[in-house]
Amino acid sequence: MTEVAEALIGLVVGLVVGIFLAWQLLRSRAGTDSAEQLDRWRSEVLPGLRRNDLASRRTGIKTRLGAEISKALFDFPYRHADARFVGHPVEYVVFDGYSEVKGREADAISSITFLYVQRRPGPAPREATLVEECLAGGRIRWLTWSLPAAEPPT
């Protein structure tokens, strides 16, 4: 064989071995990075996702439960569809006439009522009384909270 042929064979063998070693190195590095990213995601992000999921389920359950409780109250003074269950410190916020507005039968909500359900004789709990005092004193306001626009993903 000539020197050129030997050099060419050596070059090809070296190139093949180099490509193989680079491929092995990149593959092991990518696997390590992926495993680290997955572990970091599991420890940092996953618990927050679980908390958010549980919170949204809890809210849905409380809303359905509140609606069922209002239907069980014999002399509930409002339409059940107009009542939104809050739970504490008052049981309901009632948007009187909202069903009619939604159904285009009326142009405005008649009133908004904070409803505390008195279960036994005696004074209302302190928290409910404090809400009542705020309402009676006119210490109530409307706030529209605008969230910042989400940045487009890069």
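The values are calculated or read from the model by the stated rules, or taken from the named source; none is laboratory data. Note that this is a predicted model, so its numbers are computed, not measured. Reconstructed Cβ throughout: ideal geometry from the backbone, glycine too, with neighbour counts over all protein chains shown.
The number of residues in the range 78-112 being more than 24 Å from the chain's Cα centre (by Cα) and in contact (Cβ under 8 Å) with a residue 24 or more places away in the chain comes to 1. The sole residue among G31, G48 that is over 19 Å from D96 (Cα atoms), out of contact with any Pro (no Cβ under 8 Å at 6 or more places or on another chain) and at pLDDT 75 or above is G48.
For the range 55-64, the criterion of a residue being in a helix (DSSP H, G or I) and modelled with pLDDT of 75 or more is satisfied by no position.
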